[in-house]
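Colleague: I'd like to ask you about the structure that follows.
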Amino acid sequence: MEKHDCKLHHTTQVSILNQVIETGLFINLRRKLHSLFMINVDHPMTVVYYKSMTARIREEIRHLANYRWMIHPYSLFALYWEFFIFIIYTAQFVTLAIVSAKHVYFRRPTAMVLWKISLDYIMTIDIIKTFITGYYDPQENKTVLHPPLIARRYLRTYFVLDLIVCLHTYLVPIRIIFNDYEVFENNTFVLAVTLKGFIGFRILRMKRWLDALELFRLYANLSSVLNRAFRAVLLFVMLVLYLYIIIFQIEEMIEKNFIPIEDRDWNKQLMKCFYSATLMLLHVSYGDKTISHPLKVIVSLIFMAVGYCLQLFLYTLILQVWVKFSNARSKNESLFQQFTEYLKYKDLPMSLRKKFFAFYQFRFQNQFYNEAHINRMISIILRQEILVYVTKNHVQRVEFFQDLPDHVLRKIVSKLKSEVYLANDVIIKAGVAGTCMFFIYFGTVAIYTYAGREICHLEDGAHFGEIALIYNEPRVATVVAVTPCELFVLNRSDFLDVLKPFPEIQDKIVKLAEERLRTTVFQG
């Protein structure tokens with residue numbers, strides 16, 4: 001069997017874009033820019049929800065045909081934008097901590113305040129971008145790109161939160177325009193304090209920050225243990241910065257409401273602000289000066305307690321990292337390393353090593369689990385329900401399975417076994433006796449006649465080899481995997497055992513098998 005020359009490149013993203021964008025100025029540039037907004041296999045989540053090339057092509061066609069100007073959530077633009085927002089989000093927390101400290105002692109806007117305004121305006125752009133970016137609906141198992149549905153979901157979830165944390169920034173340019181900044185600040189004190197208080201709600205968007213960090217780990221294929229340690233340190237730093245912001249905001253309110261102007265410390269340095277706050281969070285002391293006001297004493301005691309809890313949280317994260325290092329996933333990584341060394345010791349050819357690694361990566365996608373152990377743990381009924389859910393739609397597409405009673409269909413499905421094939425693997429070969437049929441869970445295969453002429457491609461949800469369920473004859477066609485495939489296999493013996501009580505169904509299948517056999521032989 002010669003290496004298969006895949007003809008699916010005619011239906012790739014580029015050709016689809018060429019058909020949609022075929023005229024106008026800067027056509028190549030427009031195609032490249034548009035491809036950034038379409039589903040892309042380089043996005044780590046694409047292979048999770050769209051495992052096969054066929055599924056991705058269908059999604060591209062649906063996107064271009066119905067929602068051309070929307071951004072797909074698994075596009076390169078969406079991926080890089082999340083990385084960018086991760087940096088902006090981190091920079092915002094650092095900036096907010098500095099600005100909050102300076103606001104306690106400085107009256108007029110500084111360069112740092114203007115930098116904060118710029119970051120908030122970037123987040124405003126992100127709000128607009130969210131309205132034109134789809135999302136994956138796990139309940140429907142599909143990507144939603146319909147604008148009204150996207151807007152409704154965002155308005156019900158994070159829109160108000162994303163907006164109110166930036167409202168204080170929207171007032172700053174107006175305040176700068178006024179000649180008397182302090183007069184304007186005093187006249188709008190209640191509003192300004194209220195809006196500044198909303199800044200703290202930004203912590204509620206921490207999940208998006210963590211999701212972006214996980215996306216980067218998957219995109220860069222980083223070690224899960226090292227990533228967890230790095231994530232723990234970053235999360236601790238972000239929480240400390242958040243507490244800095246809260247401390248400085250409370251101090252500002254105390255300074256403005258309860259301490260006379262002549263008693264305020266206008267000359268305190270910025271670093272000393274962070275020094276005092278850090279000592280407080282480490283539950284050591286307030287700082288380098290004695291606390292005079294009772295409210296400051298209460299605030300100090302409260303944040304000493306919070307700092308103690310934060311340290312416990314850090315210790316918990318460290319313990320989780322250690323457990324992660326010693327759990328089953330780490331054991332699998334260790335076994336993987338052992339197997340790598342074993343391949344080297346046996347001096348196997350590099351092509352065979354690469355094939356093994358490709359299979360390992362495709363099968364588990366960095367999510368290691370012992371499927372046999374899981375199947376032993378769960379009940380037979382639950383295992384059958386899982387298998388029925390995964391395979392029922394594929395099995396029912398077969399013409400002679402469509403009218404089967406549900407209990408018979410369940411029995412057939414329970415006999416299926418999963419097999420994985422890599423690109424260019426020969427699944428069945430013409431001339432070899434067949435004993436089973438195949439259902440394509442996902443992937444693409446090429447069908448060849450006995451003479452070696454390519455007939456067609458079969459993709460997700462298709463089936464082949466059903467003649468072998470009836471006849472103990474040599475295969476009349478060769479099937480080669482074009483892309484990595486996961487197939488479900490049904491053996492003849494299992495199939496006949498299930499159908500023994502249903503001779504009429506068996507007769508129907510025999511007739512269909514005879515017709516398929518005549519067609520294939522004629523094409524050969």
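The values are calculated or read from the model by the stated rules, or taken from the named source; none is laboratory data. What you are looking at is a predicted structure, and each value in this text was computed from that prediction instead of being measured. Surface areas here come from the heavy atoms of the whole protein model, side chains and all, with no ligands, DNA or RNA. Shrake-Rupley method; radii C 1.70, N 1.55, O 1.52, S 1.80 Å.
Colleague: Rounded if a/c is under 1.5, else prolate if a/b is larger than b/c, else oblate: which is the stretch 409-524, with a ≥ b ≥ c the root eigenvalues of its Cα gyration tensor? Intermediate results must be reported in sequence, preceding the final value.
Modeller: Values: a/c = 2.09, a/b = 1.26, b/c = 1.67.
Note, shape of the stretch 409-524 comes out oblate.
Colleague: Still on this model: How large is ³J(HN,Hα) for each residue in the stretch 416-431, as worked out from phi by the Karplus curve 6.51 cos²θ - 1.76 cosθ + 1.60 (θ = phi - 60°), to whole Hz, x for Gly and Pro?
Modeller: Along the stretch 416-431, the couplings run 6, 10, 8, 9, 10, 10, 8, 4, 6, 5, 7, 7, 9, 10, 4, x Hz.
Colleague: Rounded, prolate or oblate: which one fits the stretch 433-494, using the alpha carbon gyration tensor with axes a ≥ b ≥ c (rounded when a/c is under 1.5, else prolate when a/b beats b/c, else oblate)? Let's see the in-between values first.
Modeller: Working: a/c = 2.54, a/b = 1.15, b/c = 2.20.
In terms of gyration-tensor shape, oblate.
Colleague: Also, I was wondering about something else. Here are some pairs, 142/415; 142/344; 417/508; which of them have Cα atoms lying more than 32 Å apart in this structure? Don't skip to the end; give the middle numbers.
Modeller: On the way: 142/415 28 Å; 142/344 43 Å; 417/508 24 Å.
The answer is 142/344.
Colleague: Just to confirm, what accessible area per residue do you get for the stretch 37-85 at 1.4 Å probe, in whole Å²?
Modeller: Details: 2070 Å² over 49 residues.
Each residue of the stretch 37-85 exposes 42 Å² on average to a 1.4 Å probe.
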